Amino acid sequence: MKRIPSQIAILTDFGLNDNYNGVMEAVIRKINPEAKITYITGNSKPFNLIAGAYLLYTSYKYFPRNTIFLVVIDPGVGTSRRPLIVKTKNYVFIGPDNGVLYPAITSEEIIKIVEIKNEKLYLAKTISNTFHGRDIFSIAAALISIGVELDTFGNQVRYEDLTKLDFTYKSSRNEICGKVLYVDHFGNVATSIPKEVLLNNFKYGENVEIKVNNSRHKCRFVKTFGYGMENELLIYFNGYFLVEIGINKGSAKDKLNVREGDEICLEGYIQEDFSHSI
Amino acid sequence: MKRIPSQIAILTDFGLNDNYNGVMEAVIRKINPEAKITYITGNSKPFNLIAGAYLLYTSYKYFPRNTIFLVVIDPGVGTSRRPLIVKTKNYVFIGPDNGVLYPAITSEEIIKIVEIKNEKLYLAKTISNTFHGRDIFSIAAALISIGVELDTFGNQVRYEDLTKLDFTYKSSRNEICGKVLYVDHFGNVATSIPKEVLLNNFKYGENVEIKVNNSRHKCRFVKTFGYGMENELLIYFNGYFLVEIGINKGSAKDKLNVREGDEICLEGYIQEDFSHSI
Amino acid sequence: MKRIPSQIAILTDFGLNDNYNGVMEAVIRKINPEAKITYITGNSKPFNLIAGAYLLYTSYKYFPRNTIFLVVIDPGVGTSRRPLIVKTKNYVFIGPDNGVLYPAITSEEIIKIVEIKNEKLYLAKTISNTFHGRDIFSIAAALISIGVELDTFGNQVRYEDLTKLDFTYKSSRNEICGKVLYVDHFGNVATSIPKEVLLNNFKYGENVEIKVNNSRHKCRFVKTFGYGMENELLIYFNGYFLVEIGINKGSAKDKLNVREGDEICLEGYIQEDFSHSI
């Protein structure tokens, strides 16, 4: 007998004060009471697709094989954006076609992508225009978890036709520039620049000059923020192996005044020109 | 053999920073390690009975049959308000007799209501005066989940004697007035006015004038806030089929300066006089 | 067959916005998909060892026997502080050797303490310097939950060599002084002074003078904050049987201007001199 995958990982920007996440769970439990539900977070930054995409991209590989990711960061809910199910070799991703799934699925071997269109698989005959997390997405996750086939939900969509959201970085002349992908609740600022860039160009203890929003800052390259002095800007690679700026027991975000999507550059003796996607 | 219901849905205003919710779960797991625990939210607005009642009322129907709702929004903890267990045809509701359960149970077919009085079913011989969520309510939920009968907990209470909290709206002359029931974390303002009032009196795209706290605002009637312009007040029915005011990627709460319990009126060509409870 | 303990209780200061808690759960579920995971809280005050230690100390006894406590409040992550596993008669505690486990384990009968040093039991060959919650601690909890023996992780550590963090109070002359251990999200201020001190020295309804940060305040001794008037400072013992200062539907923290670690004294007719640890 086929073992039914029953791990469901939820990522939403619904916040933890309201009942939106709870109701999504309720819908899942009604169909599959035994599902193991984990939150990547139920409190991703509202409407922030880059932040949501980062949280999914950096998390999903740690989950067991066959985990179903239920992602509802959906500022376009009720408009024409498509609800998707993406089956990859190892996982299933469910969410709106607005880029939030893109960096994660781009890293995986994609088997099939379908648009959720079959209204018989919606929660009710008349669904809301504002809460597709309940009415379309969570019921889809629950149905997938008990073995309903992807093709039942709707027609296939080509990967090339998906809404793109790329995590890129590029080198030119004397700098490497990437994007701020995420500011965490400590105020640490994660970028799209991978750790090798730091390791190949700088030594631990050296100062690295960064440029962001037209201002320049010196950061000391350290192994971890535990080594930082009070209020000192530190540069290191974070737990997801991306270059991050932080302050020990402080907020680099406040000092740099940045947010997701801002360009951030490391100055230094970098040779080759290139452009990459992480 | 009777299938033991084991879904427990928790709603509290304890917040997510402290250990109050965790300790309630601990108490449940000690008695019924296999219980499936879901949070409606563990972070309902502190001491706010209207908000808590709204979150329960709008959520409970999505949960599986036999779910036990453990509701601890209890500003009167340690005073004389009664701890209740309400068995309805489909669910069990546990919480203080302060109105927070009222709108939900009023929508259900009530089988029996008992006051929790049997001290032998408390967590300890000496219980705290401040944490009945742990000492009385969560242990009751756990015991119910393993099959302990309601009558064991205490005497029956009549529905008529419960503390009331009604979600009403009424029409008079040229307006329909209801209450602000809930402001969600996006700043969307949900009211006690059901969607039919909007649908029967206005057309999509029309402006609806609302009156709240002595000021008037024009809102455009749309299918979903995804269609709104920057900073534009929108009126629509929300995921729970109640009239709501919102701003696309913004906060209607800040613009209207409202909170739970405030009166809110829709102006327009409404014929008949009536008074209803949702 | 030995019953595998599978309750894991998580306490972190990672917050609920980021994916750090979710990734820790993912790591656990990959190894032990059936583990029951409960959060004491995933949002303890950042870097605050006293607050974290208080939350663990006041919670752990409510959990079922054999629960594994996974505690990641770890401002020194990536520096030389030791990762520990502490097996007591009833529980297992996993976390950094920075005092956060100390008050809890000191209350238990300790069987064995080991330092996690065996890199084969880390999550990967190259681990991060910033996220030992994922790379060292949560995988250790998962492995313990499926029966891996403590000695596999590393050498024994003596209790006497642990980093200490004591919750003490002492009497001298005319006052009893303790520490502020925790300010909860309502603004209630919990101290290290046990309830007996109040009960033995004061009567319900009496005023108790407290001294904190060079200012003095009168508090009325009540059974529960439900009895308080608006803005009135109340003193009572909290749900964990410790002396607490609160205001009914208000914040004592704001009025007293205190935080964890501050000294707080109760003035009154106390006879004997003593010094105790709770």
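The values are calculated or read from the model by the stated rules, or taken from the named source; none is laboratory data. Note that the coordinates shown come from a computational prediction; the quantities given were computed from them, not determined experimentally. Note that we place each Cβ from the backbone using ideal geometry, even for glycine, and neighbour counts take in every protein chain shown.
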Residue list for the range C:154-206, restricted to those being part of a strand (DSSP E or B) and within 14 Å of chain B (Cβ to nearest Cβ)
C:Leu181, C:Tyr182, C:Val183, C:Val189, C:Ala190, C:Pro194
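In the range C:38-47, how many residues are in a loop (DSSP other than H, G, I, E, B) and either in contact with an Asp or Glu (Cβ under 6 Å, 6 or more places away or on another chain) or at the interface with chain A (Cβ under 10 Å from one of its Cβ atoms) (or both)?
5
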Got at least one residue in the range A:217-234 being surrounded by 21 or more Cβ atoms within 10 Å (Cβ to Cβ), at pLDDT below 90 and among the β-branched types (Val, Ile, Thr)?
yes
Kindly provide the set of residues from the range C:88-124 that are β-branched (Val, Ile, Thr), within 12 Å of C:Gly154 (Cβ to Cβ) and not in a loop (DSSP other than H, G, I, E, B), ordered by number.
C:Ile113, C:Val114
In the set B:Ala35, B:Ala51, which member is over 13 Å from A:Tyr20 (Cα atoms), buried (at least 22 other Cβ atoms within 10 Å of the Cβ) and within 14 Å of chain A (Cβ to nearest Cβ)?
B:Ala51
Tell me which residues, restricted to the range C:54-87, are within 14 Å of chain A (Cβ to nearest Cβ), in contact (Cβ under 8 Å) with a residue 12 or more places away in the chain and part of a loop (DSSP other than H, G, I, E, B).
C:Ile73, C:Asp74, C:Pro75, C:Gly76, C:Val77, C:Gly78, C:Arg81, C:Arg82
Six or more apart or on different chains, Cβ under 7 Å: which pairs go from a residue in the range A:109-129 that's surrounded by 12 or more Cβ atoms within 10 Å (Cβ to Cβ) to one that's of a type in the set (Lys, Arg) and in a helix (DSSP H, G or I)? Could you list them?
A:Leu123/A:Arg134
Filter result for the condition that a residue is assigned to a loop (DSSP other than H, G, I, E, B), among the small types (Gly, Ala, Ser), within 14 Å of chain B (Cβ to nearest Cβ) and in contact with a helix residue (DSSP H, G or I) (Cβ under 9 Å, 6 or more places away or on another chain), over A:Gly22, A:Gly15:
A:Gly15
Note on A:Ile8: of the conditions (1) closer than 29 Å to B:Phe14 by Cβ; (2) surrounded by fewer than 24 Cβ atoms within 10 Å (Cβ to Cβ); (3) away from chain B (no Cβ under 12 Å), unmet is (2)
Pick from the range B:139-153 the residues that are crowded, with 18+ Cβ neighbours inside 10 Å and out of contact with any Phe, Trp or Tyr (no Cβ under 9 Å at 6 or more places or on another chain): which of them is farthest from B:Thr67 (Cα to Cα)?
B:Phe153
Among the residues of the range A:187-216 satisfying the criterion of being in contact (Cβ under 8 Å) with a residue 12 or more places away in the chain and on the phi > 0 side of the Ramachandran plot, which is surrounded by the fewest Cβ atoms within 10 Å (Cβ to Cβ)?
A:Gly205
So B:Thr163 ticks every box in (1) crowded, with 18+ Cβ neighbours inside 10 Å; (2) of a type in the set (Val, Ile, Thr); (3) farther than 30 Å from B:Pro33 by Cβ but one. Which box is left unticked?
(1)
I'd like to verify a number: residues in the range B:211-226 that are in a loop (DSSP other than H, G, I, E, B) and more than 13 Å from chain A (Cβ to nearest Cβ), how many?
2
Residue tally, condition acidic (Asp, Glu) and over 15 Å from C:Asn207 (Cβ atoms), over the range C:221-250
2
Note on B:Ile144: of the conditions (1) part of a loop (DSSP other than H, G, I, E, B); (2) β-branched (Val, Ile, Thr); (3) farther than 30 Å from C:Phe221 by Cα, unmet is (1)
Of the conditions (1) aliphatic (A, V, I, L, M); (2) within 13 Å of another protein chain (Cβ to nearest Cβ); (3) under 21 Å from C:Ser59 (Cα atoms); (4) not in a helix (DSSP H, G or I), the single one that C:Ile127 does not satisfy is (3)
Criterion (closer than 16 Å to C:Leu11 by Cβ and among the polar types (S, T, N, Q)) met by exactly one of C:Ser138, C:Ser172
C:Ser138
A careful count of residues in the range C:88-99 that are within 14 Å of chain A (Cβ to nearest Cβ) and either of a type in the set (Gly, Ala, Ser) or touching an Asp or Glu at 6+ places or on another chain (Cβ under 6 Å) (or both) gives 1
Within the group B:Ile136, B:Ile73, which residue is modelled with pLDDT of 95 or more and either more than 18 Å from the chain's Cα centre (by Cα) or surrounded by fewer than 24 Cβ atoms within 10 Å (Cβ to Cβ) (or both)?
B:Ile136
Given the criteria at pLDDT below 95 and farther than 24 Å from C:Gly147 by Cβ, does C:Thr130 qualify?
yes
